[in-house]
Amino acid sequence: MVKMDKANVNELLQAQAHVWNHIFNFINSMSLKCAVDLGIPDVIHNHGKPMTVTELVAALPTLDLTKAGNIYRLMRILVHSGFFGVEEDGYVLTNTSRLLLKDDPLSLTPFVESMLDPMLTKPWDFLSVWFQNNDRTPFDTAHGKAFWEYGFHDPKLGTLFNQGLATDSRLVTSFLIDKCKGMFEGLNSLVDVGGSTGTVCKAIADAFPHLECTVLDSPQVVAGLQDCGNLKYVGGNMLEEVPPADAALIKWVLHDWNDDECVKILKQCKKAISGGKDGGKVIIIDIVLKKNGTGDDEDSNLTETQLGFDMVAMALLGGKEREEEEWAKLFFSAGFSDYKITHVIDMRSVIEVYP
């Protein structure tokens, strides 16, 4: 038997618990998905007051009653994780679980359902295999095709993914329009590059009626979407051409692409905003990582989220989150002369890039 002093034993036990917690981290995610699938946030919300476990069980009509006793165990870990609270011996929503109400315009339910779909969790089983082959992503290794190619052939996954992006866009855009109005001053036109179904651009178009707004995305995404007022849709390929405008907006797109592809996109944006002369700018909303992924205790949760998104970009898309030096290299490689970073939106920043 290995002999060690009490201090070493305590340190080893703490280290062991740390390893165990990370082994079991997936249980938090899957417990959350289970609650969303069962509709538990909406059931508690509709109840209108603290809901006992007995009342919750009775309100889940599809529940196999032989499993009813296990609902308490599910809720116990979700309470510990902060998704639900307990008042007067009943469950209540927290600010976090309010973001899981299906009819809330800011609902994160589509994002939960898409990111935890077996199609998107399977690639993580191939992470170590991918490090030893020449596939672009672990998603390619797991499924034999790229994420974007697969998404267009799975309407359910594609719809959930786009709904998840739209939810985030509504939250970020409301903040952007309120806190960063100045960045739209002097602009007469704007193109939202990779703007999906236009949630961001529509909000901007409504807030600034003088601004002619264009959403650029792949023909499959914008098919059937109708132009309205100062908002129009264009199907195309941002790697090949971006419609001309005073400014190009790129929200949470460049992290999906590798450096060479980002430079191509930025070059097309530079052409679009220049119009043969100096002027215009590119507005990027994306993550700017701290050096080496460091962060103090105050923002450690946001740093962990940023690093998680970086791994998602690597595993599913072949992209990456970037530190400031990496962003600067992209901008200068694409021919831009200067940039300004403003840290204003949770874990993301607004970067204004100038020709």
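Among the residues of the range 224-254, the ones that are touching a residue at least 40 places away in the same chain (Cβ under 8 Å) and either closer than 16 Å to A334 by Cβ or crowded, with 23+ Cβ neighbours inside 10 Å (or both) come to 10 in all.
Could you pull out the residue among G90, G164, G144 that is more than 23 Å from the chain's Cα centre (by Cα) and on the phi < 0 side of the Ramachandran plot? None of the others qualify; the one that does is G90.
A residue that is modelled with pLDDT of 95 or more, crowded, with 17+ Cβ neighbours inside 10 Å and under 18 Å from G318 (Cβ atoms) occurs somewhere in the range 110-123.
Restricting the range 177-211 to residues that are surrounded by 18 or more Cβ atoms within 10 Å (Cβ to Cβ) and charged (D, E, K, R), which is modelled with the lowest pLDDT? It comes out as K202.
Per-residue answers, yes or no, for (1) without any contact (Cβ under 8 Å) to a residue 60 or more places away in the chain; (2) part of a loop (DSSP other than H, G, I, E, B); (3) among the hydrophobic types (A, V, I, L, M, F, W, C):
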residue	(1), (2), (3)
M119	yes, no, yes
S128	yes, no, no
G158	yes, no, no
G164	yes, no, no
P209	yes, yes, no
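Among the numbered conditions (1) of a type in the set (V, I, T); (2) within 26 Å of the chain's Cα centre (by Cα); (3) over 20 Å from L108 (Cα atoms), the only one that V79 does not meet is (3).
Within the range 296-355, the set of residues being loosely packed, with under 14 Cβ neighbours inside 10 Å, hydroxyl-bearing (S, T, Y) and in contact with an Asp or Glu (Cβ under 8 Å, 6 or more places away or on another chain) comprises T342 only. Scanning the range 51-67 for any residue that is closer than 13 Å to S31 by Cβ and either among the polar types (S, T, N, Q) or surrounded by 15 or more Cβ atoms within 10 Å (Cβ to Cβ) (or both) turns up nothing. When the range 200-253 is filtered for residues that are farther than 18 Å from G280 by Cα, aliphatic (A, V, I, L, M) and touching a Lys or Arg at 6+ places or on another chain (Cβ under 9 Å), the ones remaining, listed by number, are V200, A203, A207, L231, L239.
This table checks each residue for (1) over 25 Å from K122 (Cβ atoms); (2) in contact with a helix residue (DSSP H, G or I) (Cβ under 7 Å, 6 or more places away or on another chain).
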{"site": "G144", "(1), (2)": "no, no"}
{"site": "V172", "(1), (2)": "yes, no"}
{"site": "F175", "(1), (2)": "yes, no"}
{"site": "T199", "(1), (2)": "yes, yes"}
{"site": "H210", "(1), (2)": "yes, no"}
{"site": "Q220", "(1), (2)": "no, yes"}
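I'd like to verify a number: residues in the range 329-355 that are part of a strand (DSSP E or B) and touching a residue at least 40 places away in the same chain (Cβ under 8 Å), how many? Residues in the range 329-355 being part of a strand (DSSP E or B) and touching a residue at least 40 places away in the same chain (Cβ under 8 Å): 12 in total.
Only a single criterion out of (1) part of a loop (DSSP other than H, G, I, E, B); (2) within 22 Å of the chain's Cα centre (by Cα) is not satisfied by Q220, namely (1). Based on this model, can you work out whether I250 counts as at pLDDT 95 or above, within 23 Å of the chain's Cα centre (by Cα) and either among the charged types (D, E, K, R) or under 20 Å from G186 (Cβ atoms) (or both)? So I250 passes the test. Looking at this structure, is S174 assigned to a helix (DSSP H, G or I), surrounded by fewer than 21 Cβ atoms within 10 Å (Cβ to Cβ) and out of contact with any Gly (no Cβ under 7 Å at 6 or more places or on another chain)? The answer is yes for S174. Elements of the type helices (runs of 4 or more DSSP H) sitting completely within the range 1-111 and holding at least 1 residues that are hydrophobic (A, V, I, L, M, F, W, C) and free of Cβ contacts under 8 Å to residues at least 60 places away in the same chain: these cover 6-23, 25-38, 40-47, 53-58, 71-80.
Quick grid of which residues meet (1) within 30 Å of Q306 (Cα to Cα); (2) out of contact with any Cys (no Cβ under 6 Å at 6 or more places or on another chain); (3) small (G, A, S):
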site	(1), (2), (3)
D217	yes, yes, no
D227	no, yes, no
P243	no, yes, no
A247	yes, yes, yes
D256	yes, yes, no
L266	yes, yes, no
K281	yes, yes, no
V288	yes, yes, no
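The values are calculated or read from the model by the stated rules, or taken from the named source; none is laboratory data. Since the model is a prediction, treat every value here as computed from it, not as a measurement. Cβ coordinates were reconstructed from backbone atoms using ideal geometry, including for glycine residues, and neighbour counts include every protein chain displayed.
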